[in-house]
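The values are calculated or read from the model by the stated rules, or taken from the named source; none is laboratory data. Remember, it's a predicted structure, so these values are computed and weren't measured experimentally. Positions of Cβ are generated from backbone atoms using ideal geometry, with glycine treated the same way; all protein chains shown enter the neighbour counts.
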Amino acid sequence: MCLECIFLCNQRTYLLLSSLAVLHPCVSLCFVKMKKMIACFLLLFAHTLLSTVMAKDLPGRHFTQRRDVNTQSLLQNACNSKRLDLVFIIDSSRSVRHYDFEKVKEFILTILQFLDISPDATRVGLIQYGSTVKQEFSLKTFRRKQDIERAVRRMMHLATGTMTGLALQYAVNIAFSETEGARPLRQNVPRIIMIVTDGRPQDPVAEIAAKARNSGILIFAIGVGRVDLNTLKSIGSEPHEEHVFLVANFSQIETLTSAFQTKLCVPHMCSEVEHHCDHYCINTPGSYQCRCKQGYILNADQKTCSTQDLCAVEKHACEQICVNTPGSYVCQCYEGYELGANGKSCVVVDYCALDNHGCQHECVNTEDSYYCTCHPGFILNPDKRTCGKPDYCSLQDHGCEQECVNTDDSYFCRCLEGFTLNPDKKTCKRVDHCVESNHGCEQLCLNTGDSYVCQCSEGFVINEDLKTCTRIDYCALSDHGCEHLCVNGDRSYTCQCFEGFRLRNDGKTCKRKNVCKSVNHGCEHVCVNADNSYICKCREGFELREDGKTCRRQDICKSISHGCEHICVNEDDSYVCKCHEGFLLREDGKTCRSKDICKSVNHGCEHVCASAGDSFVCKCQEGFLLREDGKTCRNKDLCKSVNHGCEHVCVNSGDSYTCKCHDGFLLREDGKTCRNKDICNSVDHGCEQVCVNTENSYICQCHEKFILKEDGKTCRYKDVCNSVDHGCEHICLNTDDSYVCKCHEDFILREDGKTCRNKDLCKSIDHGCEHVCINSNTSYSCQCHEGFVLRQDGKTCRSKDVCKSVDHGCEYACINNDDSYICKCQEGYVLKEDQKTCRRCTEGPIDLVFVIDGSKSLGEDNFEIVKQFVSGILDTLEISPKAARVGLLQYSTEVRTEFTLRQFSSAKDMKKAVSQMKYMGRGSMTGLALRQMSERSFTETEGARPFSANVPRISIVFTDGRAQDEVSEWATRAKQRGIIIYAIGIGKAIEEELLEIASEPSYKHLFYAEDFTALEDISEELRAQICEALKESPHQQDASSGRLHKTGPQPSAKASKDNDQCKCENLVTFQNYATSEVRKLTQRLEEMTKRMEDLENRLKY
């Protein structure tokens, strides 16, 4: 009936219909309930959509016209049901020009014509490479030929380096893996690489190409232009004459099509002949090869296999013991060791961790067991497990004379009161208080038992302070009878006389002395008695010196001819000469010279003048040498001290320098700059074809049939229209160095500058207008019927206000969405399963930890936006110990726990803590933050509920740039521990890192925006995802019954009872939705097509 007409009408339409059935339960239900009416209606609807999409002028459409010439002959010889896994590897380097890249795409599209593309026949993948490798699509991506063709047409030129080896390695390791769509080797499906390259690779290729061939991959290597033939042979399979091809330019690459058709379409020999292969038979074009399973090697008969000693031939990396197993090997360890987590390294068995050792303090591993030890200051008890404090005083002969005292880890000796410990720390002596204390006695200290007393020497008495002493005044105590003076002694007193007197024999009275006679007065001239003493005097013409005894002449300098140049100074019986300020006395003791001769003469020194006795010497500053004239200076290294201007090397030469050039260069006439002996090979000359050296430069020249352009570097054909694939649909006209396309009468040139269209566009093209097409001067425009408005695509129409024109049934708000509408809920609510009514997003428990980037690249303003974002998420949750528990980490070069899961029990307190959070502003250690989140934040000690409670554990990780450490390991560990991770990247965040962090599927758990203004949109989607996680939680309860939901989405009773999904109004709603989505995709496709065409035109012209 209707489904049969689907197959009869259009197979592609059926595929679209099937995909719509997956998108909406209505369609799948209608297949059962309303097959005829609904399916036929959807057939017409889907066929209309598909026709609209297929009619678009997609990139590469001009290829189709050129291939039509050969299509019939190729299809006649198609590889019907041929089973191949074919991967194209395309050189997309800078040396491949844009129009040559288009020819490679055309070549691929031509090859595809004779291949039977399907999952059960030929599977095709495509890789292009430059400095990096880009997989355009894998062997499992497309099931239909037209999808592959469309992907090839849309492929963009990378225009970077030439990493051929990297591309081959990607093909071996990834493209031909079973996860990427390659069929297992046991199915004997030929694995083929077809690689196209135009230059010398920038990395090694021979080893990885050999690895690919040894793994059973057949390689066809196609070289274009000046490619290195030896490199090409190292890539291609043998024999080279069947697998290596070389063409002069990209225009000739199409000549290989028939050759490849012959090679690819030959029968599978493994199924045609008795191959007798022991393990695997691998088809090759026209033949086959035998291969062995991993761990086996092919014998000399090239058919049978024998086991391989992998431990001997492979780098097994076993740390201790390697043991062969069938087709593989395992690592083992010596006794006392166990295998590490990587299965290769060995670690000492940790018996202390494996056994209940019972050690009170510490457990120490041995080779085959363990033993207990104690902390310092403790000893092991007889049970060999517990520890106690030792009694050192009783354990040994301590040697203490009086007392022994135990400490934590030893003992010490102590003395009784009144005694002190000797230096041997064992014996005691009585305390000497007079020595050890500050007794304060002025004269004598006397020990008394446990103290001391002060005493005085003979002739003294102790004062009231019992410390100081006072001499006894014998003169005052008796009638001494002394005439002049009484002087106290130690035990008595004595009489003394005044100066100039002496004591008489009675010992009390005094008489005057003749001093000059009685003493050695020392007067040089005359001694005169005076009272009780004497004075010295000098004869006439002399004066007394300062010693009061000797004499000198009154002024020698005036009395004799002294000869002093500056100053004569009397000195005792003679004189000395002195000099004025700034001068020094010469050796003759009379004449003077200047202290600084450099200041007093015109020395002529260029740098520094240094005094040297009566003369001077010139010196130079550091880095300079004195010239032969003894005055001027020259630099030790002129090359460093002057702007010599030498382009390559400066060489010092006496007082000057010379310039020299590196090997391979010559000095120019200016004596400073250098030129290359072979300039063409030494610079990026930019000549498109030929570079010719001249004396000091080079010139560009062109091959025959080409002429040099005005830029002096690039070349053009003399007759461009006959020399290149111009692509003009009607007429090609040569210009000076290019060409222009023109059209026949009644046609005008399209914007692509190549194809032509009828002047009446609305009649001549598939304009795509949904309602009305209106011609203009050079184009056309679409218009809509009354009650409709034109969409942004400029072609389709939508109702002005769907929400007002239908009974939408939205509980909170209805939002127009092109030809349909969607319902939305207020903040903190989400749509129920009926997509109309709302419920609060607080119906289940959740343990949620934010991991927030606080690095320097974020900036304080954006950090505030992130804090608002966190607060917005908190608003959707019911914060309480029984519902949502939330923690937060901020990370930079270190990780800071802002609050744990157990810290706050209300949203108010939590939002306050978020608002007060201080910005760290340093590095970006994302991996360290993931580790702390994984190992600590979700522990029960920090507030997480136990695993047995089945509470969802969710982490929201926010980052704005590349991490400075490894994130993959800790993200993987967190996910293995059951933590669901949502990754949010802003700005410079790296997609690969976000994919490593986020849980699967990434489209649900990864969010990215170019700037912080998009956080609000991300917040809305993230809230919905968290609500979805709550809904699917085993704790999620039915609001009406209080019973637990089953895991996964369940259709509500109301939806199944009152909402028949196949009612007309619901079907129309879905049709409107599907139409809207397809139109959006079509619009995006057209925008991307236009951008690609603009880019292509800029690259060409």
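Among the residues of the stretch 511-563, those identified as small (Gly, Ala, Ser) and closer than 22 Å to residue 500 by Cα are 518, 522, 530, 533, 548. Of all the residues in the stretch 903-962, those that are assigned to a helix (DSSP H, G or I), within 32 Å of the chain's Cα centre (by Cα), of a type in the set (A, V, I, L, M) and farther than 20 Å from residue 870 by Cα number 1.
A single entry from 886, 802 fulfils the requirement of being within 30 Å of residue 1078 (Cβ to Cβ) and of a type outside the set (Gly, Ala, Ser): 802.
Exactly one residue out of 880, 906, 871 is of a type in the set (Ser, Thr, Tyr) and touching a Lys or Arg at 6+ places or on another chain (Cβ under 6 Å), and it is 871. Among the polar types (S, T, N, Q), surrounded by fewer than 17 Cβ atoms within 10 Å (Cβ to Cβ) and under 30 Å from residue 585 (Cβ atoms), is that true of residue 518? For residue 518, the condition - among the polar types (S, T, N, Q), surrounded by fewer than 17 Cβ atoms within 10 Å (Cβ to Cβ) and under 30 Å from residue 585 (Cβ atoms) - is not met. Look at (1) surrounded by 16 or more Cβ atoms within 10 Å (Cβ to Cβ); (2) not in a strand (DSSP E or B) and you find that residue 570 fails only one, number (2). Of the strands (runs of 3 or more DSSP E) lying entirely inside the stretch 295-354, those containing at least 1 residues that are of a type in the set (A, V, I, L, M, F, W, C), under 40 Å from the mean Cα position of the chain (by Cα) and within 30 Å of residue 370 (Cα to Cα) span 321-325, 328-332, 337-339, 346-348.
Please specify each residue of the stretch 397-406 satisfying the condition of being assigned to a loop (DSSP other than H, G, I, E, B) and surrounded by 11 or more Cβ atoms within 10 Å (Cβ to Cβ). Matches in the stretch 397-406: 398, 399, 400, 401, 402. Answer yes if at least one residue in the stretch 635-642 is modelled with pLDDT of 85 or more and loosely packed, with under 15 Cβ neighbours inside 10 Å, and no otherwise. Scanning the stretch 635-642, I find no residue that is modelled with pLDDT of 85 or more and loosely packed, with under 15 Cβ neighbours inside 10 Å, so the answer is no. Scanning the stretch 931-967 for residues that are surrounded by 21 or more Cβ atoms within 10 Å (Cβ to Cβ) and of a type in the set (Ser, Thr, Tyr) yields 934, 937, 955, 959. Are any of the residues in the stretch 978-986 assigned by TED's automatic domain parsing to the domain that holds residue 848, on the phi < 0 side of the Ramachandran plot, assigned to a helix (DSSP H, G or I) and not charged (D, E, K, R)? No; the residues of the stretch 978-986 include none that is assigned by TED's automatic domain parsing to the domain that holds residue 848, on the phi < 0 side of the Ramachandran plot, assigned to a helix (DSSP H, G or I) and not charged (D, E, K, R). In the set (1) farther than 25 Å from residue 102 by Cβ; (2) assigned to a strand (DSSP E or B), the condition left unmet by residue 733 is number (1). Of note, residue 564 does not satisfy the criterion of being buried (at least 16 other Cβ atoms within 10 Å of the Cβ), at pLDDT 80 or above and not in a loop (DSSP other than H, G, I, E, B).
Looking for something under 30 Å from residue 652 (Cα atoms) and over 60 Å from the mean Cα position of the chain (by Cα) - is there at least one such residue anywhere in the stretch 593-603? Yes: one or more hits.
Within the stretch 380-389, can you find the residues that are at pLDDT below 85 and not in a loop (DSSP other than H, G, I, E, B)? 388, the sole residue that qualifies. Look at the stretch 807-833: where a residue is in the same structural domain as residue 878 (by TED's automatic domain parsing), no partner that is at pLDDT below 85 and outside any loop (DSSP other than H, G, I, E, B) sits 6+ places away or on another chain with Cβ atoms under 6 Å.
Among the residues of the stretch 479-509, the ones that are under 30 Å from residue 441 (Cβ atoms) and loosely packed, with under 11 Cβ neighbours inside 10 Å come to 1 in all. Residue-level check: of (1) assigned to a helix (DSSP H, G or I); (2) touching a helix residue (DSSP H, G or I) at 6+ places or on another chain (Cβ under 8 Å), residue 757 misses just (1).
Condition check ((1) under 21 Å from residue 1026 (Cβ atoms); (2) modelled with pLDDT of 90 or more) across all residues:
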| position | (1), (2) |
| --- | --- |
| 972 | no, yes |
| 980 | yes, yes |
| 992 | no, no |
| 1002 | yes, no |
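If you go through the stretch 443-458 and keep only what is in contact with a strand residue (DSSP E or B) (Cβ under 6 Å, 6 or more places away or on another chain) and closer than 30 Å to residue 495 by Cβ, you end up with 443, 456.
When the stretch 831-880 is limited to residues that are assigned to a strand (DSSP E or B) and surrounded by fewer than 21 Cβ atoms within 10 Å (Cβ to Cβ), the one that is modelled with the lowest pLDDT turns out to be 840. Of the residues making up the stretch 993-1004, none is over 25 Å from residue 876 (Cβ atoms), surrounded by fewer than 15 Cβ atoms within 10 Å (Cβ to Cβ) and of a type outside the set (A, V, I, L, M, F, W, C).
Conditions tested, residue by residue: (1) within 28 Å of residue 716 (Cβ to Cβ); (2) out of contact with any Leu (no Cβ under 9 Å at 6 or more places or on another chain); (3) without any contact (Cβ under 8 Å) to a residue 60 or more places away in the chain.
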site: 726; (1), (2), (3): yes, yes, yes
site: 743; (1), (2), (3): yes, no, yes
site: 757; (1), (2), (3): no, no, yes
site: 763; (1), (2), (3): no, yes, yes
site: 769; (1), (2), (3): no, yes, yes
site: 790; (1), (2), (3): no, yes, yes
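For the stretch 241-256, the tally of residues that are closer than 16 Å to residue 101 by Cα, touching a strand residue (DSSP E or B) at 6+ places or on another chain (Cβ under 7 Å) and either at pLDDT 90 or above or part of a loop (DSSP other than H, G, I, E, B) (or both) stands at 1.
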